[in-house]
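Quick note: the coordinates plus some simple rules give every number you see, no bench work behind them. Keep in mind it's a predicted model, so treat the numbers as computed, not measured. Here the Cβ is made from the backbone with ideal geometry for all residues, glycine too, and neighbour counts use every protein chain on show.
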Amino acid sequence: MRIPAIPLISGVLASLLFAGTADAGTLAQAAASKDPTKSNRIYNSGQLRIKSCDEQPTQPDDLDAARVDLEFLLDCLNTGWGNHLTEANFAFSKPKLVTTTRTNLETGCGRYPKTAQAVYCPNNQRITFLLNPSILSKQTELLLFATIAHEYGHHVQQLTGIMSSYLNRKYRSKAAKLDATRRIELQAECLSGAFIGSVWMSLGRRKSALNYMIKVSIGNSTHGKHANINYWIRRGFAADSPDACNTFTAPASKVA
């Protein structure tokens, strides 16, 4: 869940952060491993093989173009992560995508929070993306791609059992829960960075686009400091691989 300065929040729906649910399939995956957050075959699955994504032409304040772009980006994410997860012997399913211009709607995990740019609900494996003036005014930047790639990172966590383990664990304190929440969100940042890094050469963008996207990210107590958001996005970007994204074994200083 990322908070850029526009403001922008993306991640797992806030209502689940302290009271999570998961379906039987992912609970079974979680039970099969001693701790699927720390030890998971996704961390040894190698580089993403997809090397090309087609961003669609956009211009500021073009709602229809933003919707089309997100649909194309989702298709690319489905192809890249679908092949990667299948090769790593995970059952794959595509997430749903709903775009909206209002926040007063049901997501499957409660009402859409007013402060969110996009949310992922593990109950129905759905990404809900708010296309409001803040992001539409900057839709030629990397923000649409980075946000949906972050939400897709939560879907990857869901399919690999990481999400259900996080949501269903009993925590000894609020501080321990907040630590785990930061780890889940920073991991989604890293997975987003890994995917964008894998297809970067096809985007025709300058590195300044990545720098800007990171620059406008503002951390907080549930999502990590800006320096750590920067660290995990760039770590994933450089590796092109989820191998770099095990935030659950990282030192506390890297997930503060």
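Here are a few things to note about the model shown:
- Computed over the chain with a Gaussian network model linking Cα atoms closer than 10 Å, the most mobile of Pro60, Pro95, Pro242 is Pro60.
- Region 161-256: translational diffusion in µm²/s, Stokes-Einstein, Kirkwood Rh over Cα pairs, 37 °C, 0.692 mPa s: 238 µm²/s
- 22 Å Cα-Cα reach of Lys34 towards lysines, excluding residues that sit fewer than 8 places from it in its own chain: Lys170, Lys177
- Taking a straight line from the alpha carbon of Lys138, these lysines sit under 30 Å away, with near neighbours fewer than eight places off in the same chain left out: Lys51, Lys94, Lys96, Lys114, Lys207, Lys215, Lys225, Lys254.
- Efficiency of FRET between Lys51 and Asn123 - r from beta-carbon atoms, R0 35 angstrom, step 0.05: 0.60
- Among His155, His226, the ranking by other beta carbons within 10 Å of each residue's beta carbon, starting with the fewest, stands as His226, His155.
- The DSSP beta bridges internal to the chain are antiparallel in roughly 55% of cases.
- Packing rank of 111-121, 82-92, where each peptide gets the mean count of other beta carbons within 10 Å, highest leading: 111-121, 82-92
- Calculated SAXS-style log₁₀ I(q)/I(0) at q = 0.20, 0.28 Å⁻¹ - region 94-160, Debye, Cα scatterers: -0.78, -1.30
- Distance histogram in 5 Å bins (all Cα pairs of region 184-229, percent per bin): 5, 19, 27, 25, 14, 7, 2, 0
- Candidates Asp179, Asp54, Asp240, ranked by Gaussian network fluctuation over the chain, Cα under 10 Å, top entry: Asp54
- Computed over the chain, the per-residue total of -39500 (n - 2.57) for DSSP H runs of n ≥ 4 gives a 222 nm mean residue ellipticity of -14500 deg cm²/dmol, rounded to 500.
- With semi-axes defined as the square roots of five times the eigenvalues of the C-alpha gyration tensor, the equivalent ellipsoid of the chain measures 25, 20, 18 Å, largest first.
- Counting only the Cα atoms, region 83-202 fills a convex hull of 124 Å³ per residue.
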